[in-house]
Amino acid sequence: FRGNDCLKWKKPDHRTIKINCDASWTSESRWAAIAAVVRDCIGKDQGKMIVAFGDALWDNGTVCGKMFTMTCTRHRNPIPHQCTGKTVTIKIVDQCLGFPSTIDLSREAFAIITNPVASIINVDYKQYA
């Protein structure tokens with residue numbers, strides 16, 4: 001390695017995650033510790049307001065890391081009053097391979113815009129300015 005090249009973290013391809021782990025222990029105290037960090041194409045912990053876009057919406061990864069606002073517009077099953085009327089701001093962090101127009105929200109983001117018992121909803125979304 002030249003210089004500090006071996007110390008530079010490189011973000012993974014948009015279709016993968018990278019798991020960095022480390023461990024240590026001391027023979028004197030017999031204590032040990034291990035830690036792991038899972039990162040996506042952004043390279044950071046993205047929090048809980050995240051979403052994966054289907055193939056067509058993913059647009060070859062160009063939306064990875066972009067922020068969008070999303071609102072439930074209509075429920076798709078017979079349970080009434082599913083949409084809350086609220087809007088959530090989310091970050092695109094992954095791709096739903098094989099699903100052209102699917103949007104897969106985190107549980108936390110989904111619960112803001114709809115009743116969590118809903119399974120499939122229609123949404124309006126736009127890129128956050």
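The values are calculated or read from the model by the stated rules, or taken from the named source; none is laboratory data. Keep in mind that what you see is a predicted model, and the values were worked out from it rather than measured. Because the Cβ atoms are built from the backbone with ideal geometry, glycine has one as well, and the counts that use them run over all protein chains shown. Just the protein is used for accessible areas: all its heavy atoms, side chains included, with ligands, DNA and RNA removed. Shrake-Rupley method; radii C 1.70, N 1.55, O 1.52, S 1.80 Å.
Couple of notes before you dig in:
- If R0 is taken as 22 Å, the Cβ-Cβ distance between Asn122 and Thr62 corresponds to a FRET efficiency of 0.40.
- Cleavage-rule hits, chymotrypsin sites (Phe, Trp or Tyr not before Pro), the stretch 54-129, DSSP coil, Cβ neighbours within 10 Å at most 15: Tyr128
- Sequence of His81, His75 when ordered by accessible area, the most exposed leading, probe 1.4 angstrom: His81, His75
- Ligands, DNA and RNA left out, the accessible area of the stretch 50-127 computed with a 1.4 Å probe is 52% carbon and sulfur.
- Estimated at the nearest 10 Å², the accessible area of Thr26 is 60 Å² with a 1.4 Å probe.
- DSSP beta bridge pairing in the stretch 50-127, given as percent antiparallel to the nearest 5: 75 percent
- Ranked by solvent-accessible area (1.4 Å probe, protein heavy atoms only, all chains present), the residues Ser101, Ser29 order from largest to smallest as Ser101, Ser29.
- Radius ratio Rg over Rh of the stretch 50-127, counting only Cα atoms, Kirkwood formula for Rh: 0.96
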